[in-house]
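Asks: Dumping the structure here so I can ask a few things about it.
The values are calculated or read from the model by the stated rules, or taken from the named source; none is laboratory data. Note that the structure is a prediction, hence the values are computed from the model and not measured. Cβ sites come from the backbone with ideal geometry, for glycine too, and all protein chains shown count toward neighbours.
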Amino acid sequence: MPAEPETVIGGRMFLDGALRYGQIGIAGGKIVASGAYVSGGEQRYDFGTSMTLLPGFMDPHVHFRDPGMTQKEDFTTGSAGAVCGGVTCVLDMPNTKPPVTDLATLTDKKSAVRGRSYCDYGLFAAVTPGCPAALLAPHVPGFKLFMGSTTGHILMDEDEDLDAVMPELAAAGKPVSVHAEDDHLIRHGVTEYCNQDHLRDRPAEAEYSALRRLSRYRGVRFNICHCTNEPQLAQARALGYTTEVALHHLLFEAARFSSAEYKVNPPLRDLDTRDALFKSFLAGNADMFGTDHAPHTLEEKEQEYDAAPGGIPGVETTMPIVMEMVRRGIVPLDLAIRMGAEKPGEVFAAPKGRLAPGYDADFAVFDFRRVQQIDLRRLHSKAGHSPYAGWDAVFPDTVIIRGQVQVKDGELCGEPIGRDICG
């Protein structure tokens, strides 16, 4: 028998694929009932019809830089930004210092971040030569494979190394998120002065080649991160892989946004490529938003272009910008929810992303009448910069994680209650 609701929340919400008035019963941090009316509940709250209750969002791709690079970000600041952007669960990448490559480094990182996150989280492990996938799999939501060079030094791009680890990754059964750029096709050691140079040196062919090389391996659940172009989405889809798109590849292009603030790996592409990617995204051809939240300090990004690191912060701003596009009728609400909540929970086997019994009681509550400009002074990241400063956005009014209010009236009010979804 399902537990009796301790709390009932009502309002205009996204239930069973439609936006309508409904009620949700919560017990022990879980949704235990949903429908037009839910009885019981010692506490009952109603958001009325002016607010819109959505499932909390899940970001399957963040770099919180913790441990080892906490001058750029740490789990406390990164997770605070996440919840203020409506994100109730994040999956953190393993290219920290030290990188998460074995059970010892994973255990150390779990200890280091425990009790410091405002949202729930999972910690990835890196695919490296001799990766003990069977040992790691019960403790991680997935693995990260870097086929292209980027922040950190855990590149894995030689066929003999890949051949050796793929059978164990297939047997482990967890998703393998891939930075899918063939490093052999990236030009190294060439001075770059702008994003068009960066685009020249990291061509789309490197992404196509990486997918062709991955296609040799059977039974591995590949997830292709930060897809930059429509042919790549189509190629991944044909191979049965899931895909992520980042907002910066959907909204920026190399010629107009040429400075190091917009430097990222894989790079921004040309205008026609960006527009085709956006059209494909609207057609439903991408599975998830993955922000690739990759903060570097303002001082680092203000260096000469060639010396500046690649990476753009986005965990706090992505879904509010998407919600503004929903408000304006550019992006359908059901697509935003599928990509921002439902599909990430499904792919990474987390009880997140749906307002239905059995799922965590995570909500992001929006007032679509309340549009504001993104203000750097209000963002929580240590990065101290954002390419989205001044953009219109709809931030959540209230964020609830497992039945506990973390954001109220748009302000962080909770405690670091975040749990590791893999224990």
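Asks: If only one of Lys110, Lys72, Lys97 is out of contact with any Asp or Glu (no Cβ under 9 Å at 6 or more places or on another chain) and of a type in the set (D, E, K, R), which one is it?
Replies: Lys97
Asks: Of all residues in the stretch 237-265, which are free of Cβ contacts under 8 Å to residues at least 40 places away in the same chain, within 21 Å of Phe146 (Cα to Cα) and among the aliphatic types (A, V, I, L, M)?
Replies: Within the stretch 237-265, just Leu239 meets the criteria.
Asks: Within the stretch 9-47, count every residue that is out of contact with any Leu (no Cβ under 7 Å at 6 or more places or on another chain), in a strand (DSSP E or B) and surrounded by fewer than 19 Cβ atoms within 10 Å (Cβ to Cβ).
Replies: Going through the stretch 9-47 one residue at a time, the tally reaches 10.
Asks: Output the residue which, of all residues in the stretch 269-326 that are under 14 Å from Ala82 (Cα atoms) and charged (D, E, K, R), is surrounded by the fewest Cβ atoms within 10 Å (Cβ to Cβ).
Replies: Glu316
Asks: I'm checking my understanding of the structure. Among residues of the stretch 188-220 that are among the polar types (S, T, N, Q) and surrounded by fewer than 24 Cβ atoms within 10 Å (Cβ to Cβ), which one is nearest to Lys174 (Cα to Cα)?
Replies: Ranking the candidates gives Ser215 first.
Asks: If you scan the stretch 119-137, which residues turn out to be farther than 17 Å from Leu162 by Cα and touching a strand residue (DSSP E or B) at 6+ places or on another chain (Cβ under 6 Å)?
Replies: Listed by number, the residues that qualify are Cys119, Asp120, Tyr121, Gly122, Leu123, Phe124, Leu136.
Asks: I want to confirm something. Restricting to the stretch 283-306 and keeping residues that are outside any loop (DSSP other than H, G, I, E, B) and of a type in the set (A, V, I, L, M, F, W, C), which single residue is nearest to Asp197 (Cα to Cα)?
Replies: Taking the candidates together, the pick is Leu298.
Asks: Give Leu169, Leu155, Leu162, Leu123 a once-over and let me know the one that is without any contact (Cβ under 8 Å) to a residue 40 or more places away in the chain and not acidic (Asp, Glu).
Replies: Every option except Leu155 fails the conditions.
Asks: Further question: Kindly provide the set of residues from the stretch 221-250 that are assigned to a loop (DSSP other than H, G, I, E, B), surrounded by fewer than 22 Cβ atoms within 10 Å (Cβ to Cβ) and touching a strand residue (DSSP E or B) at 6+ places or on another chain (Cβ under 8 Å), ordered by number.
Replies: Arg221, Leu239
Asks: Only one of Asp102, Asp74 is of a type in the set (Asp, Glu) and within 23 Å of Ala349 (Cα to Cα); which?
Replies: Result of the check over Asp102, Asp74: Asp102.
Asks: If you don't mind, another one. For residues in the stretch 355-408 being surrounded by fewer than 16 Cβ atoms within 10 Å (Cβ to Cβ), assigned to a strand (DSSP E or B) and among the charged types (D, E, K, R), which is nearest to the chain's Cα centre (by Cα)?
Replies: This residue is Asp392.
Asks: Checking Asp157 against (1) assigned to a loop (DSSP other than H, G, I, E, B); (2) at pLDDT 95 or above; (3) of a type outside the set (Gly, Ala, Ser), which single condition isn't satisfied?
Replies: Here Asp157 clears every test but (2).
Asks: Any chance the stretch 65-78 includes a residue that's assigned by TED's automatic domain parsing to the domain that holds Phe143, touching a strand residue (DSSP E or B) at 6+ places or on another chain (Cβ under 9 Å), at pLDDT 95 or above and not charged (D, E, K, R)?
Replies: Yes; the residues of the stretch 65-78 include at least one that is assigned by TED's automatic domain parsing to the domain that holds Phe143, touching a strand residue (DSSP E or B) at 6+ places or on another chain (Cβ under 9 Å), at pLDDT 95 or above and not charged (D, E, K, R).
Asks: Looking only at the stretch 139-151, count how many residues are modelled with pLDDT under 90 and either assigned to a helix (DSSP H, G or I) or surrounded by 19 or more Cβ atoms within 10 Å (Cβ to Cβ) (or both).
Replies: 2
Asks: Go through the residues of the stretch 6-18 one by one and say whether even a single one is modelled with pLDDT of 95 or more, at positive phi and in contact with a Phe, Trp or Tyr (Cβ under 7 Å, 6 or more places away or on another chain).
Replies: Scanning the stretch 6-18, I find at least one residue that is modelled with pLDDT of 95 or more, at positive phi and in contact with a Phe, Trp or Tyr (Cβ under 7 Å, 6 or more places away or on another chain), so the answer is yes.
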